[in-house]
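Enquirer: Before anything else, here's the structure in question.
The values are calculated or read from the model by the stated rules, or taken from the named source; none is laboratory data. Computed from a predicted structure; not experimentally measured. In this analysis, Cβ positions are derived from the backbone assuming ideal geometry, glycine residues included, and neighbour counts consider all displayed protein chains. Just the protein is used for accessible areas: all its heavy atoms, side chains included, with ligands, DNA and RNA removed. Shrake-Rupley method; radii C 1.70, N 1.55, O 1.52, S 1.80 Å.
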Amino acid sequence: MQSFLELAAKTIFDSHNKNDLQNLQVILPSRRAVFFFKKALSELSESPFFAPKIDSIDDFILRTADLTTLDNVDLYFEIFAILSKIDPSQSFEKFMSWVPTLLKDFENIDFSLVENPHLLFKYMSEADALSRWELANDYVFTANAQNYFSFFDRISEVYEKLNQKLLQDKKCYRGMVYRKVAENPDWLLSNEIKKYYFVGLNALSKSEEKIIESLEKAKKSACIWDTDDFYMDSQNKAGKKLRAYKKSGKFGKWNFQNSLLKNSEKNVRIFELNNDSLQAKLVSNLIKDAQNARHVIVVLDENQFLPLLLNIPALQLPFNISIGLPISSSHFSEVLRLLIACYQN
């Protein structure tokens, strides 16, 4: 059975003259999807051809806006530098305890295309006051209370000055760059790209929706969805957003709705084992029995990855891993510890 990315690649390849492919832009959810899409596309022709521009959606948005993202640590220092000028009494230790939440809020504001963030911060300040206090008309604010209730006013100023500073330096955070592209669709419409394909996206933010809608209105986009009847023809919560997209019709023709979950043939085998080590050994044995097949291994706990990683390379098979393994659980942690010790001494 063909994978979704293989089907999407074939659909795009068959819909255009081979010489026109270089004028297309394909946008996928992640860089990992980009790798496998390119691999699938390359297998569709025996002769060389110029491929479309193929990017993850983050890379595509950044290239369109011509901005560079800062990592979170750099952003923390940028925010603290601005906040220190507004409120010199702010301590760095307390600031570091809440700035990750603040940065996440900034990103959500921009992803959601909040029209006037200053009004949002004002509302948050007033709502928080009402929730915490029953203020009488003769209530007198103490210095600490005034400082507390002015917090969101300061944050509103931080948000504005951070955006100004980053734009001046041609830098950004993720939500900010999505907002800039969504508010300036001409950046996408004025280039040489003839058609944009959005492949396998789901649960779009407001900014992503607006970007795709702008291209759809200009007849320059097509969406290829990875959907199944099991979710689309039921009230299952997992398909709620995709059902809403299909019903709205604002993303054009609905492509690729299959019924693989209910109708495709499945072979299920269940093994009962006592510990993680035996699970890793079982995986190795199953792969040896079917070396020509493609496998997907899903684990409930990321701690189970380490015994798997120690076994799979010994099978001399190519493998690709999606994992959020902390450094402390990898062999590299010892190298890092020694390196830090060298600097300290």
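Enquirer: Can you give me the ranges of the helices (runs of 4 or more DSSP H) entirely in the range 173-282 with at least 1 residues that are surrounded by 12 or more Cβ atoms within 10 Å (Cβ to Cβ) and on the phi > 0 side of the Ramachandran plot?
Expert: Of the helices (runs of 4 or more DSSP H) lying wholly inside the range 173-282, none has at least 1 residues that are surrounded by 12 or more Cβ atoms within 10 Å (Cβ to Cβ) and on the phi > 0 side of the Ramachandran plot.
Enquirer: Do any residues in the range 284-308 that are free of Cβ contacts under 8 Å to residues at least 12 places away in the same chain and over 18 Å from Leu273 (Cβ atoms) have Cβ atoms under 9 Å from those of residues that are among the hydrophobic types (A, V, I, L, M, F, W, C) and surrounded by 10 or more Cβ atoms within 10 Å (Cβ to Cβ), where the two are at least six apart or on different chains, and which pairs are they?
Expert: Ala293/Ile287
Enquirer: Quick one: count up the residues across the range 207-220 that are in contact with a helix residue (DSSP H, G or I) (Cβ under 8 Å, 6 or more places away or on another chain) and over 28 Å from Leu261 (Cβ atoms).
Expert: Here the count works out to 7.
Enquirer: I need a count of the residues in the range 250-281 that are out of contact with any Asp or Glu (no Cβ under 9 Å at 6 or more places or on another chain) and at pLDDT 90 or above.
Expert: The total comes to 1.
Enquirer: Report whether or not Ile27 is open to solvent by less than 30 Å² (accessible area, probe 1.4 Å), over 20 Å from the mean Cα position of the chain (by Cα) and farther than 16 Å from Arg174 by Cα.
Expert: Considered against the rule, which asks whether it is open to solvent by less than 30 Å² (accessible area, probe 1.4 Å), over 20 Å from the mean Cα position of the chain (by Cα) and farther than 16 Å from Arg174 by Cα, Ile27 comes out as no.
Enquirer: How about the range 89-114: which of its residues are open to solvent by less than 20 Å² (accessible area, probe 1.4 Å) and under 13 Å from Tyr76 (Cα atoms)?
Expert: Phe95, Val99, Leu102, Leu103, Phe106
Enquirer: Something else: Tell me, which residue of the range 146-172 that is charged (D, E, K, R) and in a loop (DSSP other than H, G, I, E, B) is surrounded by the most Cβ atoms within 10 Å (Cβ to Cβ)?
Expert: Asp169
Enquirer: Something else about it: Filter the range 185-234 down to residues that are farther than 30 Å from Ser264 by Cα, over 21 Å from the mean Cα position of the chain (by Cα) and hydrophobic (A, V, I, L, M, F, W, C), then give me how many there are.
Expert: 4
Enquirer: Give all pairs with beta carbons closer than 8 Å in which a residue from the range 243-265 that is among the polar types (S, T, N, Q) meets a residue that is surrounded by fewer than 12 Cβ atoms within 10 Å (Cβ to Cβ); count only pairs at least 6 apart in sequence or on separate chains.
Expert: From residues that are among the polar types (S, T, N, Q), the pairs are Ser264/Met1.
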